[in-house]
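Scroll down for the structure; my scribbles are underneath it.
Quick note: the coordinates plus some simple rules give every number you see, no bench work behind them. Here the structure is a predicted model, which is why all the values come from computation and not from measurement. Every residue, glycine as well, gets a Cβ built from its backbone with ideal geometry; the counts of neighbours run over all protein chains shown.
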Amino acid sequence: MIYYKTEEEIEFIRQSCLLVCKALAEVGRQIRPGISGKEIDETAETVIRDHGAKPGFKGLYGFPATLCVSVNEHVVHGIPTGDQVFADGDIVSVDCGVFMNGFFGDSAFTFPLGDVSEEVMELCRVTNTSLYLGIEQAIAGNRLGDIGFAIQNYVEKEHGYGVVRDLVGHGIGRELHEDPQVQNFGKRGRGVKLKEGLTIAIEPMVNLGRKEVWTSKDGWTVKAKDLKPSAHYEHTVAVAKGEAMILSDHQLIVDAIAGNPNVKPVGVKAVNA
Ligand code: MG
Ligand code: MG
């Protein structure tokens, strides 16, 4: 069942998304080699609770933390712990959700720390760009498959990376995960017709190597089977006529990491570094 949102409801989702990005920006100011997933998780939770909101992931399906923190070959759903200490050259994918005023916000960003190889920086840039190519298709009258096709074509055909199939984007609103599923792969002109008021999280997960993943023994962390790095960027958007409304704001994060010498820049759109 797809719930189409009113303008007022979209505004609530935007407020939740902005708080997500404020939390991710604070993470962007703090993150560096030598600190742990637990430390950035506490930072994000403090930002969220200081605004009178709740972490959107904590407790949901039994997930124990505010952030999903997934390093290098970890694709998504990594649990932040004190033992998870970041090293120079890591890429750290941080996914955050907020629940406020009855609505969820959801956004993710991969932070390249220190001396990341050019090969892996390119993975981050291409994944980030693919997100915007997907968003360009999130307009009224198009179909869901247009989004997936745009992402997959750019990532796999043009760059030879692997788009993860097992995890997908989603509708979002009063629930974190609503219908429809938003695949990062697909065929043009197929799937649900996009209408104004549809709010979705678009979130390509892209593997440097093969697309296959498996879930590790902790029951949460999804890893690339070939153990090569994986990147993840996510926006919540509202389908509209002509151009999608991006409800989350990665500029806040990009500005934050511009002041952090430990993070290599990844731009907001296709133009990077
Ligand atoms: Mg997310
Ligand atoms: Mg999501």
* Structure fact -> Summing -39500 (n - 2.57) over every DSSP H run of at least 4 residues in the chain and dividing by its residue count gives a helix-only mean residue ellipticity at 222 nm, to the nearest 500 deg cm²/dmol, of -9000 deg cm²/dmol
* To do: Take the chain, connect every pair of alpha-carbon atoms lying under 10 Å apart with a spring to form a Gaussian network, then pick out the residue of Ala201, Ala231, Ala53 with the largest mean-square fluctuation.
  => Ala53
* Asked: Most fluctuating residue of Gln183, Gln251, Gln152 in a GNM of the chain with Cα springs under 10 Å: which is it?
  -> Gln251
* Asked: So which residue, out of Ser107, Ser70, Ser216, gets the largest mean-square fluctuation from a GNM of the chain using Cα contacts under 10 Å as springs?
  -> Ser216
* In what sequence do His177, His250 fall when counting other Cβ within 10 Å, fewest first? -> His177, His250
* Tail fraction, Cα-Cα pairs, the chain, threshold 24 Å, whole percent -> 42 percent
* Asked: What aspartates and glutamates sit close enough to Lys228 to cross-link, taking a C-alpha to C-alpha distance under 13 Å and skipping anything fewer than 8 places away on the same chain?
  -> Glu73, Asp90, Glu119, Glu212
* For the stretch 213-225, just list the computed ³J(HN,Hα) in residue order, Karplus coefficients 6.51, -1.76 and 1.60, θ = phi - 60°, integers in Hz, with x standing in for Gly and Pro. => 9, 9, 9, 7, 5, 5, x, 10, 4, 9, 10, 5, 4
* Structure fact -> Output ordering of 234-245, 123-134 (per-residue mean of other Cβ within 10 Å, highest first) is 123-134, 234-245
* To do: Pick out, from Gly186, Thr127, Ala53, the residue whose Cα sits farthest towards the positive end of the charge dipole of the chain, with +1 on the Cβ of Lys and Arg and -1 on the Cβ of Asp and Glu.
  => Gly186
* For the stretch 8-49, size of Cβ-based charge dipole, Lys and Arg +1, Asp and Glu -1, in debye -> 260 debye
* Structure fact -> For Lys193, the aspartates and glutamates lying under 18 Å Cα to Cα, once residues fewer than eight places off in the same chain are dropped, come out as Glu136, Asp146, Glu178, Asp179, Glu243
* **Of Lys38/Lys217; Lys54/Lys241; Lys5/Lys54, those spanning more than 28 Å from alpha-carbon to alpha-carbon** => Lys54/Lys241
* Please say if the stretch 44-141 is rounded, prolate or oblate, where rounded means a/c under 1.5 for a ≥ b ≥ c the square roots of the C-alpha gyration tensor eigenvalues, and otherwise the choice is prolate for a/b larger than b/c and oblate otherwise? => oblate
* **Net charge over other residues, Cβ less than 9 angstrom from the Cβ of Gly145 (K, R count +1; D, E count -1)** => +3
* By its C-alpha gyration tensor, with a ≥ b ≥ c as the square roots of the eigenvalues, how is the stretch 169-273 shaped: rounded for a/c under 1.5, else prolate for a/b larger than b/c, else oblate? -> oblate
* Measuring from centroid to centroid over Cα atoms, what is the spacing of the stretch 17-67 and the stretch 193-216 in Å? -> 21 Å
* So for Glu118, Glu39, Glu175, fewest C-beta neighbours within 10 Å to most, what's the order? -> Glu118, Glu175, Glu39
* Structure fact -> Toy charge model, Lys and Arg Cβ at +1, Asp and Glu Cβ at -1: the chain dipole around Cα centroid in debye, rounded to 20, equals 660 debye
